1. Among the candidates L269, L286, which residue alone is free of Cβ contacts under 8 Å to residues at least 40 places away in the same chain and either within 21 Å of L318 (Cα to Cα) or surrounded by 13 or more Cβ atoms within 10 Å (Cβ to Cβ) (or both)?
2. Inside region 50-60, can you point out the residues that are more than 15 Å from Y8 (Cα to Cα), touching a strand residue (DSSP E or B) at 6+ places or on another chain (Cβ under 7 Å) and open to solvent by less than 40 Å² (accessible area, probe 1.4 Å)?
3. Assess whether A63 counts as being modelled with pLDDT of 95 or more and open to solvent by 30 Å² or more (accessible area, probe 1.4 Å).
4. Please tell me if I337 is farther than 23 Å from L233 by Cα, touching a Phe, Trp or Tyr at 6+ places or on another chain (Cβ under 8 Å) and surrounded by 16 or more Cβ atoms within 10 Å (Cβ to Cβ).
5. If we scan region 175-196, do we find a residue that is in contact with a helix residue (DSSP H, G or I) (Cβ under 8 Å, 6 or more places away or on another chain), open to solvent by 50 Å² or more (accessible area, probe 1.4 Å) and over 30 Å from K343 (Cα atoms)?
6. For region 130-138, state whether one or more residues are farther than 30 Å from S238 by Cβ, under 14 Å from the mean Cα position of the chain (by Cα) and either at pLDDT 95 or above or in a loop (DSSP other than H, G, I, E, B) (or both).
7. Failed condition for L311, given (1) open to solvent by 20 Å² or more (accessible area, probe 1.4 Å); (2) within 23 Å of the chain's Cα centre (by Cα), with all others met?
Amino acid sequence: MHLTTTEYSFLSLTAIAGESSPLLLSRLGISSSYGAKLITSLKKEGYIRTHYRNKLRGYRLTAKGKRLLLSENRERFSFYLTGNSETNRPRSELPRRRRLQQASLIYTMLLRCGIPFFRDQKPDLFGNPAPARSSPLPVFYHSRELKELGGEAVKINSSRFMGILLTEGCIYILYHTGDAPMKWEYRTELKLKALLRYHTSQGILCGEYLAAGYSYDTPVKALFIGNEMETCLKLLNSDGGFHKTYFHLDASFDYFHFIPDSAEGRSLLWLLCFPEIKTELDSILLSDLDPPDLMMGFFHEGTTEGKPVLLAYDLDMLQLSRFHTALSLRGLSGRLICFDFQKEMLARYFGKTVSFTTIDLQKFERRFLCPSP
């Protein structure tokens, strides 16, 4: 069988995730009618099968599908499709299956943004590190790859992170939280951040191995991907539950960004990956504002008509929470600058304490994003 580009992409993403979500088809830009035909065709040829259990449907490769991909590109797929790995022999427990399906959606978003994640597209930093000064940035490494560090990674085995995204001047730890706050272990996430900080200063993320030239001062930020903008509101309002076992804003990271799993989220991810774009956009947005008022005693990036203004478009939830608290305690009103698709959620969170200036996402994409995701 000759595979189309779309069929090959679907099989590839299913292979490295272990089980793909039915949502993957729409995330690839495939219509429901064509998606149904694609699934039917791949099943008929014996490359995939449907796995349905606990009311959760997903797609897994058959032995024939694995052989096809390994014969096409063994370097790319052997890590995922050989041995007793979770991707080669996925289990059926509901939490594990959800995690695999969430991984498939993260890979799809990265693919649409043109961010490398296949093993033959990037240096093997964690398994068999060797100097790679021409390594691409941004680039993504899955949590399983990071755990190739062996004994060093034992302390982070219980972390729910999906992987790390290396960008110029910044490292993002990616989490997929679905449609609700995820399980969260404060101490484990601190250990994960400490592990990365060690490797940016003297390990395999330092200048000896990467042209990025990371150092101990390189920011390590949390980046949450959720099903929709409503999820961001749930995270902002979460108190961690009775035993504080679920996510809540704490001191484990200095930044907690959020992006929705959507076309809008892809644009925001692209923006976060390239600091020069963010710097230029910030310069434009701040040019019409007055300087910050230091007498207010809390962080803001400018003022307009005496009101504090915050650039909220990068959805740093910790920054938003602090701004919300400061306005409430001082009885002030402020202004937020955000993308148009973010306004409704932010208005629900802040209530009447803020007004808005919105950025037209389509205009932003036409001006800044090339290639457009």
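The values are calculated or read from the model by the stated rules, or taken from the named source; none is laboratory data. Here the structure is a predicted model, which means the values were calculated and not measured. Using ideal geometry, Cβ is built from the backbone for each residue, glycine included, and neighbour counts are taken over all protein chains shown. Protein only, heavy atoms only, side chains kept; ligands, DNA and RNA dropped before computing areas. Shrake-Rupley method; radii C 1.70, N 1.55, O 1.52, S 1.80 Å.
1. Numbers: L269 fails: free of Cβ contacts under 8 Å to residues at least 40 places away in the same chain.
Just a single option satisfies the conditions, and that option is L286.
2. Listed by number, the residues that qualify are H51, G58.
3. yes
4. Considered against the rule, which asks whether it is farther than 23 Å from L233 by Cα, touching a Phe, Trp or Tyr at 6+ places or on another chain (Cβ under 8 Å) and surrounded by 16 or more Cβ atoms within 10 Å (Cβ to Cβ), I337 comes out as no.
5. Checked region 175-196: at least one residue is in contact with a helix residue (DSSP H, G or I) (Cβ under 8 Å, 6 or more places away or on another chain), open to solvent by 50 Å² or more (accessible area, probe 1.4 Å) and over 30 Å from K343 (Cα atoms).
6. First pass over region 130-138, keeping only residues farther than 30 Å from S238 by Cβ: 130-137.
Filter once more, keeping what is under 14 Å from the mean Cα position of the chain (by Cα): none.
No; the residues of region 130-138 include none that is farther than 30 Å from S238 by Cβ, under 14 Å from the mean Cα position of the chain (by Cα) and either at pLDDT 95 or above or in a loop (DSSP other than H, G, I, E, B) (or both).
7. (1)
Here is a yes/no grid of residues against (1) touching a residue at least 24 places away in the same chain (Cβ under 8 Å); (2) under 24 Å from the mean Cα position of the chain (by Cα); (3) under 30 Å from G297 (Cα atoms); (4) buried (at least 18 other Cβ atoms within 10 Å of the Cβ):
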| position | (1), (2), (3), (4) |
| --- | --- |
| S321 | yes, yes, yes, no |
| T325 | no, no, yes, no |
| F350 | yes, no, yes, yes |
| T353 | yes, no, yes, no |
| R366 | no, yes, no, no |
